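Everything below concerns the one structure shown next.
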C-alpha cells in the first residue's frame, strides 16, 4: 500500500476524474454556487462519488488504486487500477444532490438535496474483488423516494438537512428538517408517511411567516446527541439539537421505535425545550447568522455552532441549576418557554467554553498602502464530524477546509466526572485550528466551494482526509494527532507510587508542554486550490508570497528562535543546578563519613553501657532477694509455697503407709514361696514359664518400691531443710 499522498495523484488521473470534470463543465450552476457540498462518501476503503450530470453514483476501491501488483502484467495492473463501477438509479432524483451519507448499517446511501431525499439501496457483493454484481461496469440499484408526495405538494419548501436516526434498530429511519419548521422521521420501508413529527414553531406545522424568516426564527440545522433515559419508565430517547438562524438552540427528544406505522403520523411524546439558556450572556446572541450545528460524540455533551461570518462557538451542555435563576432578570438571558416543559424532562443550559474565528480567505497586505486588506466575505459553513476521533471535526465552506481539534475535552470530562478529580480548567489548552485547503486565497478571487470531504480510516497510511474541490480535483491530506494531550497514567504508575523530581514539582507545567505552547501556530499556510477561472495578477501573486513568507517568519522562524532561547536558558539553569548539586554531594559525602565515625563510637559506647546495665540488674536482683528474705511477714508467693509443702507432707505420710503395706505383703509372699519350695522339690506347682513371669513381675515391683523409697528419702531431706 502506498502513502496517502499518492491517492490524490492516482485519483486525479483516474477515469472517474475525467467523467466528473466533464460533468462539471456542463453544470450551469457551477459558477454561481456558493455553498459547499458533500458529493463523496467513504465506507472502509470504498469511495462513492455522485455524478450530477448523469445522475448516477460512481464507485471505486482506494486499495486497488495503490495496490502493489508486482506479479501481474502492466496491462492487467493498469486495467485493475482504472476499474470503477456506475450505480444507476431506478428513479433518478429530479433535484440537485448536495450530500451523500451512509446508513449506520452501510446498506443504504441517502442522496439529499433542497428538493428532497432519495435512498439508494446498495446491491449485494460477490466476485473476485467483491465488486457489485461480479464487477459489472453498470449496476441498476433500487431507489426509495422519502416523502415524495409531501415535497411535491409544497413547491416552495426546501429540505435543509437529512440525517439517519441513530435510534433505529434496523437502520431504516431517516430524519428530515424542512424549511416549514418541521422535523419529521420516516421509515424507508413505508416512505410516504412520517412516523414521528416534531413541530418547531408556535403555530401550526408548515405555517412560517416572512417575519419569522427575517428574524431568524426558522430552524436551519440539527444534529443528534448521545441517548439518555427519560421518564419513570426509563425509556431511551435521543436528544435532537435544533439550531435557528438567530442562534437560538432548541432541544427535543426522539425515539422512532416508540411509534408504530399507521396512516396518521404520531406527535412526539416528549416536549420541546428552548430556546436554551446560554452562559455567559452576549448582546448579539452569539451571532445572528447561524448556519450549522454539530454534536460531538463525547461523554459530556459538546455542541459546535457555526455562523456564516466564520465564527465557531464551542458549548458544553449541562443540566440547569438553581444558581442560574438569579440571572434570569438580565435582558441577555434567553429564557425558555416554561409551558412546554415537563417534570420528567430535565432543563439544559449551554455554557460557551470557547469561541474561535476561522480565516475564510487569506489575510494579505496591500503593496501600495501597506494596510491589511479587509475581506467581509461570508458563506455558510458545513460541519462534519471525524468518525475516528471524537474530539475533532471539519469545517467546509466556499473558501476551503478547516480542521478544529479540541484537546480540552479530556479536562472537561475529568471535571464533570464523579470520581472527585479536582481538574483545573484554567490550564486547559485552547482549540487547535488548522487551515488545510484554501480555495479563495484573495478577496478578489471568486469563491470555489468544496465539493466533498470525507475521512479515510485506513490503517496502512493512517487517517487521511480526502477533499474534492469544485474543479473536481482530489486532495489527500494526512491527519496528525500531535495536538492530543498525554494519556491518563496507569494505576501502577500513579503519582502516589512514582518518584518525581523536585524540580518538576516546582514547575507549573512540564518543559515539553511549555515548548509545545511556544511552537503552537496561530496561523498556517493552507494548500491553495483556487478556481481555474481565477486570473491572478503578478501583484496579487506577490501579495500571496509575502503573506506566506510572513507566516513562515512569524509562525516558524521567530518561534523557533524563541524556543532556542528558552532551551538555552533552560540548559544554563540546569548547568547551575548541576554544579550546585555536585557541591551538595561533596558536602553530603563528608557529612556521611563523619556520621559513620560517630556511629562507630556510639556503637562502642552502647556495648559498654549494655554490660554495665546487666551488672546493675544482677545486683538489684540480689538486693531485692535479700530484702524479701528479711521481711517479718510472709509474702503471697511464700504462703503459696507453704501450702504446697503441707500438701506434700500429707502425701508423704499416705505413701509411707502404703509402702509399709507393700513391705508386709512382700514378706508374706516370700514366706509362702519358701514353704512351697520346702514342701516338695520333685512336684513343682508352677512350670518354668509361670515362674519366669512371676519373677519379672516381682522384679518390676521391687524396682517400683525402690524408686518410691528413693523419692520418699528425697522428700524427707527437703522437708528437713
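With respect to residue 136, determine if the residue is in a loop (DSSP other than H, G, I, E, B), over 25 Å from residue 396 (Cα atoms) and at pLDDT below 90.
In short, yes.
Scan (1) modelled with pLDDT under 90; (2) within 26 Å of residue 298 (Cβ to Cβ); (3) surrounded by 20 or more Cβ atoms within 10 Å (Cβ to Cβ) for the single condition residue 383 breaks and write down its number.
If we test residue 383 against (1) modelled with pLDDT under 90; (2) within 26 Å of residue 298 (Cβ to Cβ); (3) surrounded by 20 or more Cβ atoms within 10 Å (Cβ to Cβ), just (1) comes out false.
Would you say residue 673 is within 30 Å of residue 704 (Cβ to Cβ) and assigned to a helix (DSSP H, G or I)? Show your work before the answer.
Values: within 30 Å of residue 704 (Cβ to Cβ): yes; assigned to a helix (DSSP H, G or I): yes.
Judged against the criteria, residue 673 is a match.
Listed here are the residues, each with its yes/no results for (1) closer than 30 Å to residue 515 by Cα; (2) in contact with a helix residue (DSSP H, G or I) (Cβ under 8 Å, 6 or more places away or on another chain); (3) part of a helix (DSSP H, G or I); (4) without any contact (Cβ under 8 Å) to a residue 40 or more places away in the chain.
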position	(1), (2), (3), (4)
558	yes, no, yes, yes
562	yes, yes, yes, no
570	yes, yes, yes, no
587	no, no, yes, yes
592	no, no, yes, yes
607	no, no, yes, yes
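For the range 681-689, check the following and say yes or no: at least one residue is under 30 Å from residue 716 (Cβ atoms) and either at pLDDT below 90 or exposed (fewer than 10 other Cβ atoms within 10 Å of the Cβ) (or both). Steps first, answer last, please.
Looking only at the range 681-689, we keep the residues that are under 30 Å from residue 716 (Cβ atoms), and these are none.
Looking through the range 681-689, none of the residues is under 30 Å from residue 716 (Cβ atoms) and either at pLDDT below 90 or exposed (fewer than 10 other Cβ atoms within 10 Å of the Cβ) (or both).
Can you tell me which residue among 129, 95, 151, 102 is farther than 20 Å from residue 187 by Cα and modelled with pLDDT of 85 or more?
Values: 129 fails: modelled with pLDDT of 85 or more; 151 fails: farther than 20 Å from residue 187 by Cα; 102 fails: farther than 20 Å from residue 187 by Cα.
Answer to the selection: 95.
Which ones in the range 336-366 are more than 32 Å from the chain's Cα centre (by Cα), modelled with pLDDT of 55 or more and either surrounded by fewer than 14 Cβ atoms within 10 Å (Cβ to Cβ) or not in a loop (DSSP other than H, G, I, E, B) (or both)?
365, 366 - these are the residues of the range 336-366 that are more than 32 Å from the chain's Cα centre (by Cα), modelled with pLDDT of 55 or more and either surrounded by fewer than 14 Cβ atoms within 10 Å (Cβ to Cβ) or not in a loop (DSSP other than H, G, I, E, B) (or both).
Suppose we filter the range 168-196 for residues that are part of a loop (DSSP other than H, G, I, E, B) and in contact with a helix residue (DSSP H, G or I) (Cβ under 7 Å, 6 or more places away or on another chain); how many remain?
First pass over the range 168-196, keeping only residues part of a loop (DSSP other than H, G, I, E, B): 168-172, 179-181, 188-189, 191-195.
Okay, now just the ones that are also in contact with a helix residue (DSSP H, G or I) (Cβ under 7 Å, 6 or more places away or on another chain), so 168-169, 192, 195.
Number satisfying all stated conditions: 4.
Which one of 112, 138 is within 30 Å of residue 455 (Cβ to Cβ) and more than 37 Å from the chain's Cα centre (by Cα)?
From the options 112, 138, the qualifying one is 138.
Within the set of pairs 6+ apart or on separate chains, which have a first residue in the range 144-169 that is over 25 Å from residue 383 (Cβ atoms), a second that is modelled with pLDDT under 85, and C-beta atoms under 7 Å apart?
Taking only residues 6 or more apart or on different chains, the pairs are 169/257.
Kindly establish whether residue 627 is more than 30 Å from residue 519 (Cβ to Cβ), modelled with pLDDT of 90 or more and part of a helix (DSSP H, G or I).
no
Quick check on the range 519-532. Is at least one of its residues assigned to a helix (DSSP H, G or I) and at pLDDT 70 or above?
Yes, because at least one residue in the range 519-532 is assigned to a helix (DSSP H, G or I) and at pLDDT 70 or above.
Out of the range 401-419, which residues are in contact (Cβ under 8 Å) with a residue 60 or more places away in the chain, under 17 Å from residue 356 (Cα atoms) and not in a loop (DSSP other than H, G, I, E, B)?
The answer is 401, 403, 404, 405, 409.
From the list 634, 659, 645, 641, which residue is in contact (Cβ under 8 Å) with a residue 60 or more places away in the chain and either touching a helix residue (DSSP H, G or I) at 6+ places or on another chain (Cβ under 8 Å) or surrounded by 10 or more Cβ atoms within 10 Å (Cβ to Cβ) (or both)?
Exactly one residue qualifies, and that residue is 645.
Would you pick out the residues in the range 103-122 that are farther than 14 Å from residue 90 by Cα and assigned to a loop (DSSP other than H, G, I, E, B)?
103, 104, 105, 106, 107, 114, 115
Could you pull out every one of the strands (runs of 3 or more DSSP E) wholly within the range 213-322 that has 2 or more residues that are modelled with pLDDT under 75 and surrounded by fewer than 20 Cβ atoms within 10 Å (Cβ to Cβ)?
none
Among the residues of the range 441-484, how many are part of a loop (DSSP other than H, G, I, E, B) and either modelled with pLDDT under 85 or surrounded by fewer than 17 Cβ atoms within 10 Å (Cβ to Cβ) (or both)?
The total comes to 17.
The values are calculated or read from the model by the stated rules, or taken from the named source; none is laboratory data. Note that the structure is predicted; figures quoted are calculated from it, not measured. FYI the Cβ positions are ideal-geometry reconstructions off the backbone, even for glycines, and counts take in every protein chain you see.
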